[in-house]
Amino acid sequence: MPSTVLVVEDEPAIAELIAVNLGFAGHKVLRAADTEQARTLITAELPDVILLDWMLPGKSGPQFAQELRADARTRLVPIIMLTARTAEQDKVDGLEAGADDYLTKPFSPKELQARIKAVLRRRAPQLTNDAVEICGLKLDPTTHRVEGHRNTLEMGPTEFRLLHFFMTHPERVHTRTQLLDQVWGDHVFVEERTVDVHIRRLRLALTSSGHDRLIETVRGAGYRFSATLAESA
């Protein structure tokens, strides 16, 4: 599934090469030449992945990675460190600074794509194209199809994204704010009660297969998608 990738790289030729290849792959690419520009872009729109060069003017990549991990808004955004450094200690330092992966220059576009997919699968599985199935409910991002016990279930695009997020993060309680950030995007400003409306629509779409009972309202906290509810029923 296409994602928004922030490329923080001060070498124009390298940044252009990365941007072109990611663009061809369907990703939305944001570009910054230093950490100050990167922070401005992140404030406007939270990216799904950050490609962070080690050597940057003013502030290094590892320093910026530490700042991102200390910020509640960006602490879960996957970071891939890009660097010409090959020493083992450099890789250790980059990972300890908060990077999820480490890619040594030069690298191939295919390898970069594979690394992006890998960190998204770990950190943000709702942004991948992997099909997911729970208790007879199957969602396929590639075909944009949902089936309940092999019967096609119709739902709107927002309900589809909401269900995808729930199914890739089961058994966890999510507040309305968290759902807005993850499903709508933190740069979209809508009322928290909008979540309730779409939860009702999603439950209605799942009613025919009986999967509506998997969505639990946790009083005073938010919502949870729980397979244990189906098992207990």
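FYI, it's all coordinate maths here, none of it is from the lab. What you see is a predicted model; the values in this text were computed from it and never measured. Every residue, glycine among them, receives a Cβ derived from its backbone with ideal geometry; neighbour counts consider all protein chains shown.
Among Y102, Y223, sorting on how many other beta-carbon atoms sit within 10 Å of each Cβ, with the fewest leading, yields Y102, Y223. For M55, the amide hydrogen comes within under 5 Å of the amide hydrogens of G61, counting only partners 5 or more places away or on other chains and with H modelled in the peptide plane. Rounded to whole numbers, the Karplus 3J(HN,Hα) couplings from phi for region 33-45 are 8, 7, 5, 5, 5, 4, 4, 5, 5, 5, 4, 6, 7 Hz, using 6.51 cos²θ - 1.76 cosθ + 1.60 with θ = phi - 60°, and x at Gly and Pro.
A simple spin-label model places the labels of R75 and E171 2.2 nm from each other, with each point 7 Å out along Cα-to-Cβ. Among the chymotrypsin sites (Phe, Trp or Tyr not before Pro) in region 103-210, those located in a DSSP loop and surrounded by at most 15 other Cβ atoms within 10 Å of their own Cβ are F107, F189. When only the Cβ of Lys, Arg, Asp and Glu is charged (+1, +1, -1, -1), the dipole of the chain relative to its Cα centre reaches about 680 debye.
Sequence-distant contacts, meaning Cα pairs under 8 Å at least 6 residues apart, place the relative contact order of the chain at 13 percent. Relative to the longest principal axis of the Cα atoms of the chain, helix 12-24 runs at roughly 20 degrees.
Is the shape of region 4-126 best called rounded, prolate or oblate, per the rule: a/c under 1.5 gives rounded, else a/b larger than b/c gives prolate, else oblate, with a ≥ b ≥ c the square roots of the Cα gyration tensor eigenvalues? Rounded, because the longest to shortest axis ratio a/c is under 1.5. In this structure, the amide hydrogen of H149, modeled 1.01 Å from its nitrogen in the peptide plane, lies closer than 5 angstrom to those of L137, K138, counting only residues at least 5 positions away or on a different chain. Estimated from helical segments only, the mean residue ellipticity of the chain at 222 nm is -12000 deg cm²/dmol, where each DSSP H run of four or more residues counts as -39500 (n - 2.57). Match the structure shown to one of the listed values [x] 33; [y] 28; [z] 21 of percent of Cα pairs over 32 Å apart, computed from it, and give that label. Of the labelled values, this structure produces [y].
Here the 3J(HN,Hα) profile of region 114-120, calculated from phi with Karplus coefficients 6.51, -1.76 and 1.60 at θ = phi - 60°, is 5, 5, 4, 4, 5, 5, 5 Hz, Gly and Pro shown as x. Each other residue within a Cβ distance under 9 Å of G58 adds +1 if Lys or Arg and -1 if Asp or Glu, for a net charge of -1. Just to confirm the number: angle between the C-alpha axis of helix 193-206 and the first principal axis of the chain, 0 to 90 degrees, nearest 10? For helix 193-206, the angle is close to 60 degrees. Of the trypsin sites (Lys or Arg not before Pro) found in region 14-113, those in coil by DSSP whose Cβ has at most 12 other Cβ atoms within 10 Å are R73, R75. Less than 5 angstrom separates the built amide H of V29 from those of V5, all sequence-distant by 5 or more or on a different chain.
If you line up the long axis of helix 61-70 against the longest principal axis of the chain, both from Cα atoms, how many degrees apart are they, to the nearest 10? With both axes taken from Cα atoms, the answer is about 30 degrees.
Taking every DSSP bridge with both residues inside the chain, close to 50 percent are antiparallel.
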